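In what follows, a single structure is set out as structure tokens and then discussed.
The values are calculated or read from the model by the stated rules, or taken from the named source; none is laboratory data. In this text, all values refer to a predicted model and were calculated from it rather than measured experimentally. Neighbour counts are summed over all protein chains in view; Cβ atoms, including those assigned to glycine, are modelled from backbone coordinates with ideal geometry.
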Amino acid sequence: MMLEEKLSSSPNGSNIDYIGWLNSQPKRSVLYVSLGSFLSVSGSQMDEIAMGLGLSGVRFLWVARGDSSRLQEMVGSMGIVVPWCDQLKVLSHPSVGGFLTHCGWNSTMEGVFCGVPMLTCPIFWDQPPDSRLIVDEWKVGLSLRGEVGGEGVVGQEEIALVVKRLMDLDGTEGKEMRKRVGELRDSARQAIAAGGSSSENLDSFARGLMQGNVR
């Protein structure tokens, strides 16, 4: 189906029906790309990412605020670029099989909660430590900056290669990452369920506040 046929109005100003597009894609075939709304990668790195995605041959949904039209022209027909989306809804969609992220903590937790392997592109502050958690500790992702030691611009060829590694559903590496992130997802959901550790800790905190107010 042509992209022009998937248009609809939405309250956020985007007229692309990205959920409809995701519904038309094979299971775990789409890389979701979101590099944050505050600190972002350089313009030259954005261009390399766009060209690398095109070289990879992988389907993708990319959120790029303020630059979506230009990037859509660069990447062609393998994916769509939108100015906004419901991130948790996208990550929960069965067609999404990977997440290219700047590693903000909220995005990291949403990736884990949805059981999606991550390709990390940290920029500043808490993001490099979050990337190390994802790649080195939890082993549920790959680093986009690994080939250049965390410095400089990552080229389109390297980007294409690591995107294909992340999205390879049949390879041993991909299967192991998906197994581990599935285990983390199950643990996270158990923690917030009734009687889980997060639920109990929140209840305990609320009881402490109430008892303090009584005094």
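I'd like the full set of residues that are crowded, with 22+ Cβ neighbours inside 10 Å and either free of Cβ contacts under 8 Å to residues at least 40 places away in the same chain or assigned to a helix (DSSP H, G or I) (or both), limited to region 92-106.
Within region 92-106, just C103 meets the criteria.
Mind listing just one residue for me: the one in region 160-190 that is of a type in the set (G, A, S) and in contact with a Gly (Cβ under 7 Å, 6 or more places away or on another chain) and, of those, surrounded by the most Cβ atoms within 10 Å (Cβ to Cβ)?
A160
Enumerate the pairs (first residue in region 121-134 and of a type in the set (A, V, I, L, M); second residue anywhere and buried (at least 16 other Cβ atoms within 10 Å of the Cβ) and outside any loop (DSSP other than H, G, I, E, B)) with beta-carbon separation below 7 Å, excluding pairs fewer than 6 apart on the same chain, so at least 6 apart or on different chains.
I134/T108; I134/M118; I134/T120; I134/G141
Do you know which residues across region 60-69 are more than 20 Å from V162 (Cα to Cα) and surrounded by 14 or more Cβ atoms within 10 Å (Cβ to Cβ)?
A64, D67, S68
Go through (1) surrounded by 14 or more Cβ atoms within 10 Å (Cβ to Cβ); (2) at pLDDT 95 or above one by one and return the number of the condition K89 breaks.
With respect to (1) surrounded by 14 or more Cβ atoms within 10 Å (Cβ to Cβ); (2) at pLDDT 95 or above, K89 is out only on (1).
What number of residues within region 108-132 are modelled with pLDDT under 95, buried (at least 19 other Cβ atoms within 10 Å of the Cβ) and not hydrophobic (A, V, I, L, M, F, W, C)?
Total satisfying the criteria: 2.
If you take the residues of region 161-209 that are more than 19 Å from L100 (Cβ to Cβ), not in a helix (DSSP H, G or I) and not acidic (D, E), which of them is modelled with the highest pLDDT?
Top of the filtered list is A194.
Condition first: under 14 Å from the mean Cα position of the chain (by Cα) and among the β-branched types (V, I, T). Now tell me which residues in region 50-80 satisfy that.
V63
Within region 1-42, take every residue that is among the β-branched types (V, I, T) and modelled with pLDDT of 95 or more and give me the one that is nearest to R59 (Cα to Cα).
Here the residue is V30.
Look at S44 and say whether it is part of a loop (DSSP other than H, G, I, E, B), hydroxyl-bearing (S, T, Y) and in contact (Cβ under 8 Å) with a residue 40 or more places away in the chain.
no
Output the residues belonging to region 121-143 that are over 13 Å from the mean Cα position of the chain (by Cα) and of a type in the set (A, V, I, L, M).
I123, L133, V135
Among the residues of region 168-191, write down those that are among the β-branched types (V, I, T) and without any contact (Cβ under 8 Å) to a residue 24 or more places away in the chain.
Within region 168-191, just T172 meets the criteria.
Looking at (1) in contact with a helix residue (DSSP H, G or I) (Cβ under 7 Å, 6 or more places away or on another chain); (2) in contact (Cβ under 8 Å) with a residue 24 or more places away in the chain; (3) buried (at least 22 other Cβ atoms within 10 Å of the Cβ); (4) at negative phi, find the lone condition where M74 falls short.
Single failed check for M74: (3).
Tell me, yes or no, whether region 144-157 has at least one residue that is assigned to a helix (DSSP H, G or I), modelled with pLDDT of 70 or more and either among the charged types (D, E, K, R) or crowded, with 17+ Cβ neighbours inside 10 Å (or both).
The answer is yes; a qualifying residue exists.
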